[in-house]
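Colleague: A single structure is presented below for examination.
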Amino acid sequence: LQHVPLARGAYKTDLVRQIIEMCRGEKYALLQDFAWYWDRVLLHLGHLPGVDVHADLIRGELTNVALRVLPVRQYAVQRCMEILLSSPQLNDEEGEQQTPSSSSLLMDNGRGKDIMPEVLPALGWIVGEYSDLIPNALETINGSVMEQYQPNNKGYHHALIQVLSSPCNVHRIAESTQKVFVQAALKVFAAASATAKSVELEACLYTLQLNLPIFMQSVDVEVVERSFTGLELLRSLQLTSGGDAPDMVRLGDDEDSDEEEEKPAMSGDLLGLGGDAAPNPSKSSTAATIAATSSLKSSLGSKIKTLSTTLNYLL
């Protein structure tokens, strides 16, 4: 492994292939530490320049080991989270904090190299497929990742969904990766429904409803199908409404209601000679809308938890 960064040309590509073939030969009979192979060999090679020709081989091995070797799954989820949630340097030269950019998906994970884009589908698949191991992975995750992806996330599940369903992915990564990330984001949400707090669940749902329609405009049929199916599933479970963001009151409705309240009430007493004025229906309608919205916001998290079994079964 130490010779790979110094090698050049065809010798480098042959060396990488021989290393992987040696490790996986005879059904991994020569391997005693799969975590070492998954991290120190495969991920290390995935961060080296000049070995892109073996990107498919590295991606397949990352997925294959996580799928076949049960003891390494939790560690694989942990490392995938650390890579996906790794953010660029947040402090400039003057020490002022900066806002994390959406490009952190492809940024450094602590090794000093960008990971190959072709490897990203394996990371997304592992996090989504084994998202039930996220709470266990958090116990041993690198403390530096506590900075997470966005300053406004509500937890690790929400941070992962922000990464996997980021609108910037439409332009920054390939469609083959987008379809994996969309499905993984939905699986992470299903796993979160069993363990996360209500505040985080509401944030996850809001992020999905906000971002999935963007992927529905993709030129790739499978990306459109997965994002559309996921959004319609949430709507069929009555977790989201038609086009409005969950637990949000449209500002336009409030402004229209205020304008209506300023208008004089139309009643049979046009000259104002009668007694009490007729009740204003718009005012009562606005109060009912606000009350319904508050009730929805308070019960949305508990409703998601109630549907946890259904979400995990369908997704």
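The values are calculated or read from the model by the stated rules, or taken from the named source; none is laboratory data. Just so you know, these numbers come straight off a predicted model, no measurement behind them. Neighbour counts are summed over all protein chains in view; Cβ atoms, including those assigned to glycine, are modelled from backbone coordinates with ideal geometry. In case anyone asks, the SASA skips ligands and DNA or RNA and just uses the protein heavy atoms, side chains included. Shrake-Rupley method; radii C 1.70, N 1.55, O 1.52, S 1.80 Å.
Colleague: Sorting check: for 189-200, 68-79, which peptide has the highest mean count of neighbouring beta carbons within 10 Å, and how do the rest follow?
Modeller: Ranking, from highest mean packing down: 189-200, 68-79.
Colleague: Got a sec? What order do Glu82, Glu26 fall in by accessible area at 1.4 Å, biggest, i.e. largest, first?
Modeller: Greatest to least solvent exposure: Glu26, Glu82.
Colleague: In nm, give the distance between the simple-model label positions of Asn312 and Arg8, each being 7 Å from the Cα along the Cα-to-Cβ direction.
Modeller: 5.5 nm
Colleague: Taking θ = phi - 60°, what integer Hz values does the Karplus form 6.51 cos²θ - 1.76 cosθ + 1.60 yield along the stretch 164-172, in sequence order, with x for Gly and Pro?
Modeller: With the stated coefficients, the stretch 164-172 comes to 5, 10, 4, x, 5, 5, 4, 9, 9 Hz.
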